[in-house]
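Values quoted throughout were computed directly from the atomic coordinates according to the rules given, and no laboratory measurement underlies them. Model, not experiment: these values are computed from the prediction. Cβ atoms come from the backbone with ideal geometry, glycine included; neighbour counts cover every protein chain shown.
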Amino acid sequence: MLPRVALSPPQLLRSMALSPSRHAAPVLTERCFVAELAGSELVYFTCWSGSGPPAPGGSVRPRGFLPRPGRCYSFCIDAAQSLRERVRAARLHKQLQQKLSQAPFGAGCQVLPLLSYCPTDAAAAPEKGFLVQVAQAAPETERSLEELLRLHLPAPAHLCVYQEAEDGQLWRALWRLKGAAEGKERLGRARVVTAPRPDRHPAASHLLDGAVFCSREAARRVLEECMALIPEAKAVLDLVDKCPDLPKKGDFPVIVIEGLDATGKTTVTQSLKDSLNAILLRSPPSCVSQWRKTFDDEPTLIRRAFYALTNYIVASEIAKESTKSPVIIDRYFHSTAAYAIATEISGKVSDLPPLHHPVYCWPKDLLKPDLVILLTVSPEERIRRLQGRGAEKTREEAELEVNSFFRQKVEESYRRMENPSCQLVDASRSREEVFENVLHQIKKHFPS
Ligand SMILES: Nc1ncnc2c1ncn2[C@@H]1O[C@H](COP(=O)(O)OP(=O)(O)OP(=O)(O)O)[C@@H](O)[C@H]1O
Ligand SMILES: Nc1ccn([C@H]2C[C@H](O)[C@@H](COP(=O)(O)O)O2)c(=O)n1
């Protein structure tokens, strides 16, 4: 049996430094990586530092990974323990993502999401990073990348460089970046091999309270940590703190309309408001709309905590209004969860957490609606409607258009939500038919 050891990042560095290819005992490091290649294909890989044949499960060179005759680079941000460190690490990741989308990394570079995880310890937080594919080996790009890491990562920063050797094998060299004047030092070199595909996406076990918030308190704590960095966080918390803890629903029906962009939610909710003489609410509510852009520019942890908290503000409005009339809501918790899951889980629908996973559950402390209707339209019809509307595309809408896998993951996440689950209505039909079908669902649910 070949020795397998679980390594923390500093140990990993040491192991790579101590395990050159002539080392007698080959080590398949237990830190694995998953990168999302073009077309939302996930590639799982790890490193093999032995000179003999790689261990079982790690024998093949990962495919589509290295552009020929190019090079690849990767780096990850260290896992953080405290919430304060997690907020800082998340913001650093976002900042690096923005820098990597600008010159000199634009043309000729592909920046792909990378996750480093420990396959033998699901409780260990995965580390987020990037895999930068460069079509042609370009010393200037490499220098710019090193400069970026020296400037933004805690010293000493590390950079992995992937290259094909003459024997056709893929090798990863681990470099420690010293000061700009001193250059860099190679710590080790290992073969890159495929890693076994885990049963669950490595990000799945860390979605709860990292992207999908199960309680007001969990989301609250994140914005509290942000107060010194983002002044708007205090304003949001002040509003949330004015809301009662566990508001109760009134006697009138509370109906949520959910769906992807341009599926007809505004059209349907407006018609329902008129025909049922209902109050129309939306999540997020208008009282936070001036801060939405700020939070949309923040990383998942902060952005999704913001949306989670806005649902609690809406809940207190629902409690008040549902004592007087029916309430229709344009988006609520299911949207918050579905978009968060689809953003954090790279890959395709098959990579989503399985049915009945806790991320698909309603938070215990959030007022529940009586009925949730999910409007679904075919991708072609949705794009026709978006174009017909002629509105300026948000970044996310643009992404939805180009990334049908993302759209599929959002919709499938909606479908997996439980207690309350979504009642589906095909919204590709005419406005009148869609409205009739929605009314039919409502009558079925509230037989008078
Ligand atoms: N059944 C329908 N048939 C054809 N067009 C429709 C239908 N329902 C809505 N539309 C049109 O599609 C576009 C998007 O509809 P709407 O604004 O109601 O969607 P939405 O889900 O609220 O979108 P968003 O979430 O992006 O605000 C609008 O131009 C609307 O007039
Ligand atoms: N209750 C809500 C409402 C919206 N969001 C997020 C999900 C998407 O990122 C985006 C879509 O909103 P729209 O463009 O339709 O205004 O907002 C959420 O998380 N929770």
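Numbers for the structure displayed
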{"quantity": "Cβ charges +1 (Lys, Arg) and -1 (Asp, Glu), total dipole of the range 204-445, debye", "calculated": "380"}
{"quantity": "With at most 12 other Cβ atoms within 10 Å, longest stretch of the chain clear of loop GluC sites (Glu not before Pro) (DSSP)", "calculated": "183-391"}
{"quantity": "Calculated SAXS-style log₁₀ I(q)/I(0) at q = 0.08, 0.11 Å⁻¹ - the chain, Debye, Cα scatterers", "calculated": "-0.53, -0.91"}
{"quantity": "Relative exposure of Met417, Met227, judged by other C-beta atoms within 10 Å (fewest first)", "calculated": "Met227, Met417"}
{"quantity": "Contact order normalised by residue count of the range 291-378, Cα under 8 Å, 6+ apart, percent", "calculated": "29"}
{"quantity": "Potential extension, Gln387-Lys364 segment - 0.36 nm per residue separation minus Cα distance", "calculated": "4.4 nm"}
{"quantity": "Ascending count of other beta-carbon atoms within 10 Å, so fewest first, for Thr141, Thr336", "calculated": "Thr141, Thr336"}
{"quantity": "Shape of the range 58-156, Cα gyration tensor, a/c cut at 1.5", "calculated": "oblate"}
{"quantity": "Rel. contact order, % - alpha carbon contacts under 8 angstrom, at least six apart, the range 204-445", "calculated": "29"}
{"quantity": "Fully extended contour minus Cα-Cα distance, from Asp238 to Glu432, at 0.36 nm per residue", "calculated": "65.6 nm"}
{"quantity": "Net charge dipole size for the chain [Lys, Arg +1 and Asp, Glu -1 on Cβ; Debye, nearest 20]", "calculated": "620"}
{"quantity": "Contact order normalised by residue count of the chain, Cα under 8 Å, 6+ apart, percent", "calculated": "15"}
{"quantity": "Above-threshold pairs, the threshold being 31 Å between Cα atoms, out of Lys324/Lys409; Lys293/Lys409; Lys364/Lys409; Lys249/Lys348; Lys320/Lys443", "calculated": "Lys324/Lys409; Lys249/Lys348"}
{"quantity": "Using θ = phi - 60° and Karplus 6.51 cos²θ - 1.76 cosθ + 1.60, couplings along the range 231-240 (whole Hz; Gly, Pro as x)", "calculated": "x, 5, 4, 5, 4, 5, 4, 4, 5, 5"}
{"quantity": "Helix-only mean residue ellipticity at 222 nm for the chain, each DSSP H run of n ≥ 4 adding -39500 (n - 2.57), per residue, nearest 500", "calculated": "-11500 deg cm²/dmol"}
{"quantity": "Cα centroid separation - the range 204-271 against the range 282-335, whole Å", "calculated": "5"}
{"quantity": "Positive-pole candidate from Val268, Thr336, Val134, dipole of the chain, charges at beta carbon", "calculated": "Val134"}
{"quantity": "Beta bridges by DSSP in the chain, antiparallel share as percent, to the nearest 5", "calculated": "70"}
{"quantity": "Derived scalar couplings ³J(HN,Hα) [the range 184-194; Karplus, 6.51 cos²θ - 1.76 cosθ + 1.60; whole Hz; x for Gly, Pro]", "calculated": "9, 10, 7, 8, x, 9, 8, 6, 9, 10, 5"}
{"quantity": "Ranked list, fewest to most other Cβ atoms within 10 Å of each Cβ, for Arg71, Arg429, Arg143, Arg331", "calculated": "Arg143, Arg429, Arg71, Arg331"}
